[in-house]
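Participant: My structure is below; once you've seen it, I'll send some questions.
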Amino acid sequence: MRALMISSLDGDAAAYRLLLSELARHLRPYFARRLHAAHAADAEDLVQETLMAVHSRRITYDRGKPFTAWLHAVAHHKFVDHVRRHSRRMAVPLADDMAIFARDENHEIAVRLDMDTMLQAVPERTGELIRQVKIDGASIAEAAAATGMSESAVKVSIHRGLKALSARFSRKTDDK
């Protein structure tokens, strides 16, 4: 087939027709072996797509390299494109798979309980300020307005509370 391809590239129309005929004969079993029996009719479509790709990309063939390797690369890419196209057609109603997308609230509850336990290690008001600003995302101004404290006092209270929590729950590197 390599000689036919080179002759085709040199402008021999008869060699080109013979090449396409030989390629089709070679590609049919190639795709038939790779397709599931339910998609066997797609083999001819893949043959035609590959022949069109060979025609449109024949200029990329390097005459010094094996033709079959180049052909199989083109055919392989056409086959992969086919598989991708058909795999995307499969649709599953989301309502049937809601369990896959359901949130695992047990983890969130466990984290919330752990936070509650940790925040009990600081004064109640400090723990509430840390919760509002650092966990719930409230601004310093919002936390100050909710507690009747100044913004500076809220900042200092949160800083001291976080420092106390860090000291209590961090590992000591001196203990070995």
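The values are calculated or read from the model by the stated rules, or taken from the named source; none is laboratory data. Keep in mind the model is a prediction, meaning the values are calculated, not measured. A quick note on method: Cβ atoms are made from the backbone with ideal geometry, for glycine too, and the neighbour counts reach across all protein chains shown. Note: accessible area is taken over every heavy atom of the protein model, side chains too, but ligands, DNA and RNA are not part of it. Shrake-Rupley method; radii C 1.70, N 1.55, O 1.52, S 1.80 Å.
Participant: Determine whether Arg125 is at pLDDT 90 or above and either of a type in the set (Val, Ile, Thr) or open to solvent by 90 Å² or more (accessible area, probe 1.4 Å) (or both).
Facilitator: Here the answer is yes, as Arg125 does meet what is asked.
Participant: So, one more: Tally up the residues in the range 129-151 that are open to solvent by less than 80 Å² (accessible area, probe 1.4 Å) and in a helix (DSSP H, G or I), please.
Facilitator: 12
Participant: Please work out which residue is surrounded by the most Cβ atoms within 10 Å (Cβ to Cβ), limiting yourself to the range 60-71 and to residues that are part of a helix (DSSP H, G or I) and without any contact (Cβ under 8 Å) to a residue 40 or more places away in the chain.
Facilitator: Trp70
Participant: Something else: Do we find that Ala164 is modelled with pLDDT of 90 or more, open to solvent by less than 80 Å² (accessible area, probe 1.4 Å) and under 21 Å from Asp114 (Cβ atoms) in this structure?
Facilitator: yes
Participant: Got a sec? Which of Ala53, Ala32, Ala43 is of a type outside the set (Ser, Thr, Tyr), open to solvent by less than 50 Å² (accessible area, probe 1.4 Å) and either assigned to a loop (DSSP other than H, G, I, E, B) or modelled with pLDDT under 90 (or both)?
Facilitator: Testing whether each residue is of a type outside the set (Ser, Thr, Tyr), open to solvent by less than 50 Å² (accessible area, probe 1.4 Å) and either assigned to a loop (DSSP other than H, G, I, E, B) or modelled with pLDDT under 90 (or both) leaves just Ala43.
Participant: Search the range 98-113 for residues that are open to solvent by 100 Å² or more (accessible area, probe 1.4 Å) and pair each with any residue that is modelled with pLDDT under 65 and not basic (Lys, Arg) when their beta-carbon atoms are under 9 Å apart and the residues are at least 6 apart or on different chains.
Facilitator: Ile100/Leu94; Phe101/Leu94
Participant: Within the set of pairs 6 or more residues apart or between chains, which connect a residue that is more than 14 Å from Lys134 (Cα to Cα) inside the range 150-167 to a residue that is modelled with pLDDT under 95 and surrounded by fewer than 12 Cβ atoms within 10 Å (Cβ to Cβ) with Cβ atoms less than 9 Å apart?
Facilitator: These pairs meet every condition: Glu151/Ala141.
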